[in-house]
Amino acid sequence: MSPLSRVLVGIFFFLLGLGYLYKPGFIERMNAFLRDYLLNDAHIALERRKWGVFFLLLSVFFLYTGYMALYPPP
């Protein structure tokens, strides 16, 4: 995976994590569209905080590894 794609995936997961934490209505609308493929209603209704933190941590991982690959330490 290229460094730029890692940064982009990290930004995507960061936004998804913030969506779970602060805009559950938007996530519910997105879930209605992707219900059969990716998400489950029980995850949003009962475990939104856990999923939000998970996606934020995943975004930090991708952002860090992408940044370190773009700008390696001397």
Solvent-accessible area, 1.4 Å probe, carbon plus sulfur percent, for the chain: 71 percent
Given (i) 14.2, 48; (ii) 13.7, 39; (iii) 16.1, 52, the label whose value is Rg and Dmax of the Cα atoms in Å derived from this model: (i)
Kyte-Doolittle at least 0.0, axis length at least 30 Å by Cα - qualifying DSSP helices, the chain: 41-70
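The values are calculated or read from the model by the stated rules, or taken from the named source; none is laboratory data. All values reported here derive from a predicted model rather than from experimental measurement. We work out accessible area using only protein heavy atoms, side chains counted, and drop any ligands, DNA or RNA first. Shrake-Rupley method; radii C 1.70, N 1.55, O 1.52, S 1.80 Å.
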